Amino acid sequence: MGFEPTIVGFLCNWCSYTGADLAGTARIKHRPNLRVIRVMCSGRVDPTFVVKAFASGADGVLICGCHPGDCHYLEGNYKTLRRFELLKRLMLAYGIDERRLRLDWVSASEGERFARLVDEMTEKIQPLGPFELGPAFQNGTDLGLVEGITPTPEVSHG
Amino acid sequence: MAIRANPHLIDELELYGAQDVVKCYHCGNCSATCPFSGDSYVFPRKSMRYLQLGLESCLRDTLEPWLCYYCGECSDECPRGAEPGETMMSMRRWLTARYDFTGISALFYRSPKAELLAIVLLALLTGLGFVLFGLSQGDLAVYSGDGAFLPAEKVHLFDWTMAGVLVLLLGINCIRMWWFTIGSDRSIRVTPLLYLKQLFQVPLHFMTQKRYRDCDRQRPWAIHLVLMLSYLTMLILIMFFLHRVQHGPGIDWWVHGFGYAAALGLIGTTIYALRGRLKQSEPHYKHSHETDWIFLVLLLLVSVTGVAQHALHRGGFEVAANLVYVVHMMGVVPMLLLEVPFSKWSHMAYRPLAMYFSAIHERASLNVPADDQSKTPAPQVA
Amino acid sequence: MADPKLQVALYWGAACGGCDVAVLDTDEFILTVAEVADIRFWPIAVDGKYADLEAMDDGELDLTLFNGAIRNSENQYVAELLRRKSKVMVAFGSCAHLGGIPGLANDASREEIFHRAYLDNPSLEEGNVTLPVTEKKVASCTLEIPRFYRRVHKLADVVAVDYFVPGCPPAPTQVKAVLLAVVQGALPPIGSVVGAGERTLCDECERRKEEKKVKRFQRPWQTIQDPDRCLLEQGIICAGSVTRSGCGVRCPDSGMPCRGCYGPAPNVHDQGAKMISAVASIVDSRDPDEIATIIGEIPDVMGFAYRFGLPASTLQQSVRSL
Amino acid sequence: MKDKCRIGVYICNCGTNIARVVDCEQVCQEVGTLPGVAVARAYKYMCSNPGQEMIIHDIKEQMLDRVVVAACSPRMHEPTFRKALEASGLNPFMLEMANIREQCSWVHDDPQSATRKAIDLTHAAIRRVQLHEPLEKQEAPYTPTTLVLGGGIAGLTVAMELAEAGQQVILVEREDRLGGNVGRVDLTAPYLDSARDILTEKIVRAEASPRVEVLLNTRLTELKGFVGNFTATVEDDTGLAGDRAVGGVVVCTGYRPFDAGRIGSLGYGRLPDVITSFELEQQLRTGKLKTRDGKTPRYVSIVHCVGSRNARYHTYCSRVCCMTALKYGHEIKSAIPEAMITDVYVDMLSFGKGGEDLYRRTSELKTMFLMYEKEDYPKVRSAEPEDDCGMLLQVREKLSGVTIDVPADMIVLMVGMEARHDGDEVARVVGISQDAEGWFIESHPKLAPVSTPTDGVFIAGACQSPKDIPDTVAQARAASAMILAYIAQGKVEVDARFAEVDEDRCSGCRMCNELCPYTAIIYDDETGRSAVQSALCKACGTCVAACPSGAIKARHFTDEQIIEQIEGVLAWGSNQPS
């Protein structure tokens, strides 16, 4: 069996999540690789979530919102688009293949489109293999870590 | 080139019996249900469209109304009650008038009173003529042989003269029909060989009416065929065997057998048709134009008087036979002179010709080179 | 521990020396420190050998201020040594805290760095192709130099760190406050960031802030700035909004945008990602092409997102082993 | 908090809808061992009464403090299960659902991967629910005065409905008269009754009513506040402005006719006898149906879909033009019995009550119907003397495939409806959005046709999309009912999910201020802090994502909850050797 990527999807509640539900109601089969996380608006998707997803083992991240002009929150999706453009540049700087990150618009009526999107993205990521940073970043540590000492995470206090 | 629409065309067709054309909204059920409609000729919808849009020249040049036998399926199926069958019928009347160069046909169709008047006048004229002629020739008490009131050979000569006139009139109209439908069509090239090869279509359709059999109901075809063959038989008997028909007193079964059968056929079918139209019992009898009645009544009259004079003659009532003979001719002459070239009877020529022309047109269209075809706007009506 | 004086060590890893200077910049306060503390080890200021350090008992030191990142095996060795010897380990300054400026080298491989430093450098003498090796046998013995790691780490990646003092370098007033807290034994819970505020720079920045809408981003020299208005609103990428307060707003006050050395605000998970979210949000356009153009003109995305924190970034941290 | 959780996890089989593909027992077993999970059960129908009772029972008996239901889409049954939590005394927000039906069992065939996905989603829900916090709804009063924008048939209907229910209305009209576009119409389709009859009575009553304040030549320039508590600033032509306290707003700003001059081939503006439908209405109202030369037209051609259903202008159907055109057939025929009428159309849309009958009656007038290709407008030219008519309209007739010249003395262009030029200004002021064509967008095309994303702001009539009078009136009355429902309650509930600013973290950078589509974020100059007005907030979370200080929290969608969910869906994969 070939590599099965895991894709984390951030879907807005009003258009894309409903569209994904519609794909279900209409029994439009698609690849089982997407793990959906519902947000109220694609504008809620903080780039932090995307880097967290990749860092936690996602092979791809899909962000879906309402079509431009159709946003339930008037224009949250334009903000997503702006962030996505800049985030994409950061991902490129990390040497991440740009096919792993995608922003697209799925309306509540586009079940079919959603299903095709998932298939398409899965198929594009499959040949890339598991997520990895660019060659320079891939270099893991070659530290001689002393046993018994675990690095302390920085904590915040209020 | 754009064709000028004539918004008054529907009004004109209504004078020819068209009704409810405006109700049509082009769903195409009529064409779908029509057993005659095919790939090359799609009707009645297309003709309905031409009519609605007032595309006079398109309508004049189409053969489609003639390819319809009026089985009435389309009218039955029409969801809008637009009566496409009757519209096709009225288009045939209109086309008859357009083919007729004299304008008489148009006059008759648009004014049945004029037709009736013409028939009556011609009948009276014929009656007067035959009486005067009879008196000059022989004795009212003699029906056949020497001294006959209306000698067979003279009547025969009259028949042939009349036939000549009819052929001339109808022939000219047929040529006009050819010109409108095939001759002037630049989109096709018809070779003389094609004309020759397809010529068999005329007698075939004339004699068998075979397309009518495609209709779901077979009875109209049977009635139509019987009427047609009876009439043809009678025509042949009169044109070629008049003498033997009239000669008595013995019965010459070779001749009279046909004659009786034909007379029976004519009377039977005409009564059937009249009854049907009165009761509106079948789809194609639902609507009757005045000219339909004139035609049927005339035909029944002629048949009945024909039978009557024969019976009277055989029964020895010579005076009565001769008088009825005159009445018979008073029916025959207007029927032939007015109905054949100018009215309903003309379809006996136009319909087989239309079958012939359509077969030619269909084959000629297939021969058109591809680039020519692209220039020709293909009919888009389904 | 009979000696009531605090036993203190200061050390530099991969660093520029600025942090040590920052300690000296506390001026006469350093003398006060000296009254209450013994400086046991401070390579930049006092003589001392690793052997002295190795000879100490574990936990003999009360406090180590470790500045600089972990770039090579020597940095790691000393960091581990100091950790063992010291009761309190403080990551002092941006490099120890987040990886700092040396951490930006993480987007190049060791080979690329060596190539650049030892082979392609324009200041090299022609024909000089000397490359460092960790071991070299000479006539009588084997010489060793520290191993250059594949990437730069923050201090907490190699040892347990008790406190973090951010800044490149930490502001002298904050250094003073931290030292005072140590002296007075008033330290917050382990793992805290000390010597910094709990909000972002904007809180202390005196510049006028209005609603933010930006059509074009630019570098400071590309525009004549309004000295009283928020730099970001003028299209100058200032990291102040995503950077912990406490530095005293020294850069923006001098007309230069903040570059983020104090690290992210307490609740922010990833400084660079947050910066991207905030800065992109204020792009004043709804046209996809125009948005792409405006964003495309931003120079050096990696540099502004993680100027001081690439080794600490979420993605870099996710790569743990070969 | 996380360590002390007692979570109940319920896996629904949904009959066989889920269980056919997903091995619910396996899901139950795998998630049952996760930290914090006190009980995990699979059941055939969780939404059924026994299913809900099972949850309620467990909450009480097992002292559960959080519930995860892995079942259908939360859009389907989240309210059901929240009620179940409430019934057992738990805060309804202590629930998280995993969508393993619509987004799993219904779209995947392979049981193994579908089960894996179901486990991941349930795992994520379990991780997330541990960070859930109890949330309470809030309330605010409702001001029973309503602002109606636009004095056309829609606005007048709303005003009169509300006034007759005893409520105060402020009717704001930009023009100097009431009546709107219907006031420019003669008869109405399909019953040919007079528009004047419909309208005049309403105008007279509105002007006479003590409950309706009619403001002509007036615009709304600002709307502040939130549902039940708006402050509307209205300004008249002279610049005189005033504030009004209103509880709700109904936008009835209507439409404007398409500018026929944009389609050159139709000759509008070039040929004097090419007129628009509104110009014909004017002639019909005055009873003078003449060409520009004062002659009686013998041929009248009506061109449908002018500006509608065309990729270059508007792709939508303007809905009223077909019926209006058919109505013209009758009106012209009754004025000039000998006139020949031609309708040049794209599709004859004679939907709705009386429509088909009107079409039939018009076709019986011998109206000639020609069908044209919608991207191929007819071309109008002056006729030559021998043509015996004023103009010729060239149509590529679709049903016959023939190019036809139609004679015409008068050509009527059925201009479509277009969003008003000032629509974007209205949208901005009242805080609603427009689609690509400029029409105001409703909350839901079927289920909430007059509501908008801004609570308390409703839309009615042709400002939402092209509409005929019956539909407009129906919408107007629907909007009135919505307003009356608010007034009857006397208060508004504010969703418990909203963003809130932690004042101790806010740095006053003002990054969020401009981002809020509802202007819910207020910056306080004194304190240098921003704050969210919770009643205005719709919980989109855009400001939360942008806040560089991490000071804004989206209640029920916090960073921590979402990150926990991200790690949850990936937990299994990241434990696997790569």
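The alpha carbon centroids of segment D:242-259 and segment D:53-117 are separated by 43 Å. Quarter the surface of the alpha carbon convex hull of chain B and you get the mean projected area, 19.5 square nanometres. What shape does chain D have by the C-alpha gyration tensor, where a ≥ b ≥ c are the square roots of the eigenvalues, rounded means a/c under 1.5, and otherwise prolate means a/b greater than b/c and oblate the rest? It is prolate, given that a/c is not under 1.5 and a/b is the larger ratio. Net length available on complete extension from D:Asp347 to D:Asp176 is 57.8 nm, with 0.36 nm assigned per residue and the Cα-Cα distance removed. In a reduced charge model with +1 at each Lys and Arg Cβ and -1 at each Asp and Glu Cβ, segment A:7-138 shows a dipole moment near 180 debye about its Cα centre. Using DSSP to call loops (not H, G, I, E or B), can you name the trypsin sites (Lys or Arg not before Pro) in segment D:254-302 whose Cβ has at most 13 other Cβ atoms within 10 angstrom? Qualifying residues, ordered by number: D:Arg270, D:Lys288, D:Arg292, D:Lys295.
Charging the Cβ of each Asp and Glu at -1 and of each Lys and Arg at +1, and nothing else, the dipole of segment C:135-255 about its Cα centre rounds to 560 debye. Counting only DSSP beta bridges with both residues in the protein assembly as shown, what percent are antiparallel, rounded to the nearest 5? Taking every DSSP beta bridge within the protein assembly as shown, about 35 percent pair in antiparallel fashion. Taking the C-alpha atoms only, the angle from helix C:271-281 to the longest principal axis of chain C is near 10 degrees. A crude spin-label estimate for the pair B:Arg189 and D:Ala87, with each label 7 Å from Cα along the Cβ direction, gives 8.7 nm.
Any chance you could give the angle, 0 to 90 degrees and rounded to 10, that helix A:16-25 forms with the longest Cα principal axis of chain A? Taking Cα atoms only, the helix is inclined about 70 degrees. On the basis of the beta-carbon distance and an R0 of 35 Å, B:Glu290 and D:Ala311 show a calculated FRET efficiency of 0.05. Placing +1 on the Cβ of every Lys and Arg and -1 on the Cβ of every Asp and Glu, with no other charges, gives the protein assembly as shown a dipole of roughly 3940 debye about its Cα centre.
When chain B is treated as a GNM with alpha-carbon contacts under 10 Å, the residue of B:Arg351, B:Arg176, B:Arg275 showing the greatest mean-square fluctuation is B:Arg275.
Assuming a ≥ b ≥ c are the square roots of the Cα gyration tensor eigenvalues, decide whether segment C:201-318 counts as rounded (a/c under 1.5), prolate (otherwise, with a/b larger than b/c) or oblate. It comes out oblate by the Cα gyration axes.
Among the chymotrypsin sites (Phe, Trp or Tyr not before Pro) found in segment B:153-220, those both in a DSSP coil and sparsely packed, with 15 or fewer other Cβ atoms within 10 Å of their Cβ, are B:Phe200. Across segment D:181-189, coupling constants 3J(HN,Hα) worked out from phi with the 6.51/-1.76/1.60 Karplus curve, θ = phi - 60°, read 5, 4, x, 9, 9, 7, 9, 10, 7 Hz, and Gly and Pro carry x.
Counted residue by residue at 0.36 nm each, then reduced by the alpha carbon distance between them, the extension gain from D:Thr200 to D:Lys4 reaches 63.6 nm. The calculated pair-distance distribution of segment B:9-99 uses every alpha carbon pair, bins of 10 angstrom beginning at 0, and gives 19, 59, 22, 0 percent. Note on C:Leu31 and C:Asp52: with the Förster distance fixed at 35 Å, the Cβ-Cβ geometry gives a FRET efficiency of about 0.90. For the Cα atoms of chain B, what angle does the longest principal axis make with the long axis of helix B:112-137, in degrees from 0 to 90, nearest 10? Computed tilt is about 30 degrees. With the simple spin-label model, which puts each label point 7 Å out from Cα in the Cβ direction, the D:Gln394 to D:Arg270 separation comes to 1.1 nm. Around the amide H of D:Leu187, modelled in the peptide plane, lie the amide H atoms of D:Ala195, all under 5 Å away and 5 or more residues distant in sequence or on another chain.
Sequentially through segment D:512-520, phi angles give Karplus couplings (6.51, -1.76, 1.60; θ = phi - 60°) of 7, 3, 6, 6, 6, x, 10, 6, 7 Hz, Gly and Pro residues having no value and appearing as x. Remark: the Cα gyration tensor places segment D:281-331 in the prolate category, a/c being 1.5 or greater and a/b exceeding b/c. Farthest toward the positive end of the dipole of segment C:201-318, out of C:Ile298, C:Ala265, C:Pro288, is the Cα of C:Ala265, where the dipole comes from beta carbon charges about the Cα centre. Calculated on the Cα set of segment D:7-135, radius of gyration then Dmax: 13.1, 40 Å. Applying a DSSP loop filter and a limit of 15 other Cβ atoms within 10 Å to the GluC sites (Glu not before Pro) in segment D:102-179 leaves D:Glu136, D:Glu175.
A Förster radius of 51 Å, combined with the Cβ-Cβ distance separating D:Lys288 from B:Phe200, puts the computed FRET efficiency at roughly 0.15. Modelled spin-label separation between B:Asp139 and D:Asp424, with each label point placed 7 Å from Cα along the Cα-to-Cβ direction: 11.3 nm.
Among B:Gln218, B:Leu168, D:Ser530, flag the residue with its Cα farthest along the positive direction of the charge dipole of the protein assembly as shown, charges on Cβ as +1 for Lys/Arg and -1 for Asp/Glu. Positive-most Cα among the choices belongs to B:Leu168. Amide H contacts for D:Ser301 (H built 1.01 Å from N in the peptide plane; partners 5 or more residues away or on another chain; cut-off under 5 Å): D:Thr342, D:Asp409, D:Met410, D:Ile411, D:Val412. Seen from every direction in turn and averaged, the convex hull around the alpha carbons of segment D:499-554 projects onto 3.2 nm². When the charge dipole of segment B:194-324 is built from unit charges on Cβ atoms (+1 for Lys and Arg, -1 for Asp and Glu) and taken about the Cα centre, the candidate among B:His243, B:His287, B:Leu264 whose Cα reaches farthest toward its positive end is B:His287. Taking a quarter of the surface of the Cα convex hull of the protein assembly as shown gives a mean projected area of 79.8 nm². Take the alpha carbon atoms of segment C:279-312, find their center, do the same for segment B:40-73, and report the distance between the two centers in whole angstrom. Computed from Cα coordinates, the inter-centre distance equals 70 Å. Taking chain C as a whole, the Cys residues whose C-beta sits 4.7 Å or farther from every other Cys C-beta are C:Cys16, C:Cys19, C:Cys95, C:Cys141, C:Cys205, C:Cys230, C:Cys238, C:Cys247, C:Cys251, C:Cys258.
Since every read-out is calculated from the coordinates, none of them should be taken as a lab result. These numbers come from a predicted model, not from an experiment. Note that each Cβ is placed from the backbone with ideal geometry, even for glycine, and that neighbours are counted across all protein chains shown.
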